[in-house]
Amino acid sequence: MKFGKVPGIDRPVSRAVLGSMVFGTEGEAKARTFALLDTYLELGGNCIDTALIYAGGASERGLGLWLNERGTRDRVLILDKGCHPDTKGSRVHPVGIREEIAENLKRLNTTYLDIWAFHRDDPNYPVGPLVEELNAQKAAGRVRVFGASNWTHTRIQEFNEYAEKKGLQGFALNSPHLSLAAAKEAMWSGCALLDQTARDWHTKHQFPLFAWSSQARGFFSGRFGPGKMDGDPDVIRVYYNDENFERLRRAEKLGRKKGLSAIQIAFAWVMQRPFPTFCLIGPATVDELRSSISALELMLTPEESRWVNLE
């Protein structure tokens, strides 16, 4: 396992972050949850990503069962998210923060979150009350650090400038979409695309980035490609174009040269950005988890990294 630093977290954070969208609480889903988490811990991982809306709450509850049955709460870092509009409309306001952090904690059966992030933004809501409320949550011991998912870098900077002016804690991380396959459009409503200006900002500030869909939802798995139209319609809609098919072809070619899969090449590319990068991975099986973790050892040369990305 490889580790990085997140400001405000007092220990190294595993750069492969285990996603929890397939977690559950009953039968086969519970068995899969425990197998993935047990293996992840054995492989040295310590950071788990979840959210209020995942699997209708079963993601958090499944993780909470494992934490309590295994007695592992002090061994892992939880990155939880809330304030997704879902069917309730905008939740990006102090009341939304309070209510959703309380629900996060209840489902996980824990007293604190290591990292809490807004799942979406409401750019029309001023940052000041949000900074104040999250610092109040920190003072109460419910949250240690906080961040943003699907916020633009300009809003993050505005949030942090307000916090600095007031002597308060700002965002410690950003969690946008980043993968070798360039998204043509947002995967879901309210997602912020990470353009080159935003990447340059992350590089300048060395601001930690937790990349969701870092493996492009399986685009490099072999299930997708020219003429293959039976897969995930979101993958087809977001990633299918000539440039990404060429990235796929080059990842496959480079993978054959190194004895690895194309998806491992894509994972390594994200890990080697010029800013601190952590990859959210979403394996459905223990074998998929082991494959992703093994790619942490892969180092692309600068030339390979540019070539596979068509630079």
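Would you calculate, for the chain, the mean residue ellipticity at 222 nm contributed by helices, counting each DSSP H stretch of 4 or more residues as -39,500 (n - 2.57) and dividing by all residues, to the nearest 500?
Numbers: 11 runs with 131 residues, N = 311.
That calculation yields -13000 deg cm²/dmol at 222 nm.
In this structure, residue 86 and residue 106 have a Cβ-Cβ separation that, at R0 = 22 Å, corresponds to a calculated FRET efficiency of about 0.80.
Put in line by how crowded their Cβ is, counting other Cβ atoms within 10 Å and starting with the fewest, 307, 212 read 307, 212. Stokes-Einstein diffusion of segment 206-300 at 25 °C, 0.890 mPa s viscosity, Kirkwood radius from Cα pairs, rounded to a whole number: 177 µm²/s. Among 78, 9, the order by Cβ neighbours within 10 angstrom, fewest to most, reads 9, 78.
The slack between residue 11 and residue 229, meaning 0.36 nm per residue of separation minus the straight C-alpha distance, is 74.1 nm.
List every residue whose amide H lies under 5 Å from the amide H of residue 210, counting only residues 5 or more places away in sequence or on a different chain, with H placed 1.01 Å from N in the peptide plane. Amide H neighbours of residue 210, under 5 Å, 5+ apart: 174, 175, 278.
Think of the chain as a dipole: +1 on every Lys or Arg Cβ, -1 on every Asp or Glu Cβ, centred on the Cα centre; then among 198, 291, 124, 291 lies furthest on the positive end. Relative to the Cα centre, the charge distribution of segment 199-272, modelled as +1 at Lys and Arg Cβ and -1 at Asp and Glu Cβ, gives a dipole magnitude of about 340 debye. DSSP beta bridges fully contained in the chain are about 10 percent antiparallel.
Inter-label distance, residue 168 to residue 28: 4.7 nm, where each label sits 7 Å from its Cα along the C-beta direction.
The magnitude of the dipole of the chain, with charges of +1 and -1 set on the Cβ of Lys/Arg and Asp/Glu and taken from the Cα centre, is near 460 debye. Available extension along the chain between residue 68 and residue 2 is 21.2 nm, counting 0.36 nm per residue and deducting the alpha carbon span.
List the pairs from 204/253; 138/165; 2/106 whose alpha-carbon separation is above 21 Å, in the order I gave them. Write down the numbers at each step before the final one.
Working: 204/253 32 Å; 138/165 18 Å; 2/106 31 Å.
From 204/253; 138/165; 2/106, over 21 Å: 204/253; 2/106.
Put +1 on the Cβ of every Lys and Arg and -1 on every Asp and Glu Cβ in segment 54-178; which of 171, 152, 62 then has its Cα farthest towards the positive end of the dipole? So the residue we want is 62. Once backbone amide H atoms are built at 1.01 Å from N, residue 16 has 2, 279 as its partners under 5 Å, excluding neighbours fewer than 5 places away on the same chain. Gain on full extension, evaluated as 0.36 nm per residue between residue 294 and residue 195 minus their Cα-Cα distance, stands at 32.8 nm.
Laboratory data are not the source of any read-out in this text; all were calculated from the coordinates shown. Predicted model only: the values in this text are computed from it and were never measured. Using ideal geometry, Cβ is built from the backbone for each residue, glycine included, and neighbour counts are taken over all protein chains shown.
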